[in-house]
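What follows draws every value from the coordinates through simple rules; no lab data is involved. Just so we're clear, the structure is a prediction, and the values are computed from it rather than from any experiment. Reconstructed Cβ throughout: ideal geometry from the backbone, glycine too, with neighbour counts over all protein chains shown.
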Amino acid sequence: MSSQISQKHPKGLYVLFFAEMWERFSYYGMRAILLLFLLDNIKGGMGMSAAEGTAIYGLYTASVYLLTLPGGWLADNILGQKKAIWYGGIVIMLGHIILAVPAGSVIFFLGLCTVAIGTGLLKPNISSIVGELYPEGGARRDAAFSIFYMGINLGSFLGIAIVGYLGEKVSWHMGFGAAAIGMLLGLIVFRYGSATHLKGLGDVPSAKEDSQEAGAPASGNSKMLGYGLIALLVVFLIVLQSTGTINMTTAQGLAQGAGIIIVSISAAYFLFILVAGGLTRVEKYRVGVLIILFLAIALFWAGYEQAGTSLQIFAERHTQRMIGGWEVPSSWFQNFQPTFVLIFAPVLASLWISLSSKNRNPSIPVKFAMGLILLGLSFFVMVAASNIAVKGELASPFFLTFTYFLHTIGELCVSPVGLSSYTKLAPKRYVSQLMGIWFVGASLGNLIAGLFAGGFDESNIMQMPALFNQVAIITTIFGLILLVFWKPIKGWMGGIH
Ligand code: GLN
């Protein structure tokens with residue numbers, strides 16, 4: 001692993017590394033203080049209830065990942081990836097400039113939407129250009145993705161540290177604005193670096209290049225089905241709204257509506273390629289595995305992304321944060337995730353390599369099971385921590401630190417592995433669409449992480465252990481099911497590992 005990483009890589013990789021680093025600075029910086037700002041009613045925040053604030057958090061983070069679908073589509077069909085990254089970066093920067101202005105809620109939400117649109121445009125396309133730098137694929141491409149994942153987490157680390165500090169200790173809007181400066185730096189390097197080091201990559205929309213590809217289903221049929229699905233969804237949401245089942249004029253109702261839309265789109269998409277995608281028997285089984293991994297990853301992120309919701313609330317209100325006379329910003333606890341990634345990613349990567357050399361590398365379903373079980377365990381730690389908090393005492397910072405350690409080892413079992421297994425298991429002509437679905441899994445997980453934390457209001461504090469217990473049990477059970485059935489699932493993968 002380390003020898004692969006130290007191999008010489010094209011300079012273009014570092015141009016992409018740097019741009020993605022600042023995009024993640026923006027995203028994770030925002031995640032660090034968003035909920036605090038929405039709940040705060042003392043320092044110029046919005047003074048919302050936990051239910052409302054966490055629903056908005058869920059909607060924002062879910063839209064960031066959902067907007068990668070149109071973002072990828074625009075690059076494939078109209079812009080090409082390079083322009084998509086460039087415009088995406090500019091839009092993100094503008095969003096942060098808007099957010100830097102303390103001008104009330106309308107301007108704030110305008111800024112938030114702007115950042116989400118820009119991220120949707122930048123994020124999927126920058127990852128695919130990394131792959132294109134290594135047309136030969138193989139170990140060098142894997143090593144490049146490891147370096148890129150470091151850039152992601154370096155950006156998260158800096159974002160949480162700087163934006164968290166500025167937001168909590170100086171002013172919210174100073175925090176929101178900081179990422180504009182970072183994005184500007186990323187844009188300058190991308191502009192000049194891509195001209196020399198990414199020549200000929202991502203200039204032409206890829207749909208123009210491979211529009212002749214065989215095997216895709218008749219586009220007329222898929223369009224009809226798409227319109228049919230949208231019509232059905234609209235009717236369904238109208239029925240839910242008019243019967244009072246959900247109320248989409250509130251943030252929570254809107255988030256529930258978004259959840260229904262995301263689940264329906266994903267279910268319809270999988271059903272569509274299974275039934276009408278012209279797949280062979282082996283490919284159908286592989287898509288079956290992708291469905292299982294989709295459910296597992298959505299569940300994983302639903303727990304993991306509570307770093308920005310329930311666990312953030314726990315850090316802020318129930319954790320001992322004084323060092324000497326100084327109070328550590330509560331958002332800094334979120335920084336254990338990228339820090340542990342930076343430390344342990346090389347360790348886990350070399351562990352997989354050494355196990356492979358002995359033919360004992362755990363299969364993909366086993367790694368997913370391990371990820372979910374570790375996540376489940378981390379929430380059992382939080383049950384213990386919240387049992388202290390309900391007595392009115394502050395919990396030791398050790399609880400959150402250990403929780404995040406388990407999260408990260410779990411993440412390293414599912415996230416990089418999942419990403420590459422999606423590219424390997426997807427029928428060739430559906431690879432980029434299925435990559436999009438991978439991000440939809442993240443979108444769904446984030447939405448649930450928001451909605452779930454709606455129960456963490458101060459008035460509801462006695463419920464905390466039971467709520468954490470629910471997450472712990474559900475994720476552990478799902479992990480155990482995967483562990484029991486790993487052999488047949490591996491069989492359905494048809495020789496891919
Ligand atoms: N931490 C990784 C990133 O930010 C993966 C996050 C995700 O896919 N939910 O890119």
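Annotations
- Short-range pairs are left out: with C-alpha atoms under 8 Å and at least six residues apart, the relative contact order of region 1-85 is 12 percent.
- Once C-alpha pairs closer than 8 Å and six or more residues apart are averaged by separation and normalised to the residue number of region 262-391, the relative contact order reads 23 percent.
- Stretch gain in nm, segment Arg360-Ile473, where the contour uses 0.36 nm per residue and the Cα spacing is subtracted: 37.8 nm
- Descending by average beta-carbon neighbour count within 10 Å, the peptides 33-40, 180-187 line up as 33-40, 180-187, the highest first.
- Spin-label proximity, Ala384 to region 407-433 - amide N less than 16 Å from point 7 Å beyond Cα toward beta carbon: 407
- Pairs from Lys83/Lys199; Lys199/Lys428; Lys11/Lys82; Lys8/Lys424; Lys8/Lys199; Lys284/Lys367 whose Cα-Cα separation, in the structure shown, is over 20 Å: Lys199/Lys428; Lys8/Lys424; Lys284/Lys367
- Each peptide in 298-309, 161-172 receives the mean, over its residues, of other Cβ atoms within 10 Å, and ordering these scores from highest gives 298-309, 161-172.
- Placing +1 on the Cβ of every Lys and Arg and -1 on the Cβ of every Asp and Glu, with no other charges, gives the chain a dipole of roughly 1220 debye about its Cα centre.
- Think of region 330-448 as having a plus end and a minus end, set by charges on the Cβ of Lys, Arg, Asp and Glu; of Ser356, Ser415, Val383, Ser356 sits farthest toward the positive end of this dipole.
- Packing around the peptides 476-485, 406-415, taken as the average count of other Cβ atoms within 10 Å per residue, puts them in this order, highest first: 406-415, 476-485.
- Farthest positive-ward along the chain dipole, Cα basis, beta-carbon charges - from Gly175, Leu447, Gly495: Gly495
- For region 283-315 versus region 322-370, the inter-centroid distance based on Cα atoms is 16 Å.
- Placing a pseudo-label 7 Å from each Cα along the Cα-to-Cβ vector at Gln241 and Ile78 gives an inter-label distance of 2.6 nm.
- Only Cα pairs under 8 Å and 6+ residues apart enter the sum, and on that basis the relative contact order of the chain stands at 23 percent.
- R0 of 22 Å, Cβ-Cβ distance Asn460-Trp332: FRET efficiency to nearest 0.05: 0.30
- Inter-part distance, region 21-43 to region 51-124, computed on C-alpha centroids, equals 14 Å.
- Leading residue at positive end of dipole, the chain (Cβ point charges), from Ser26, Met462, Gly44: Ser26
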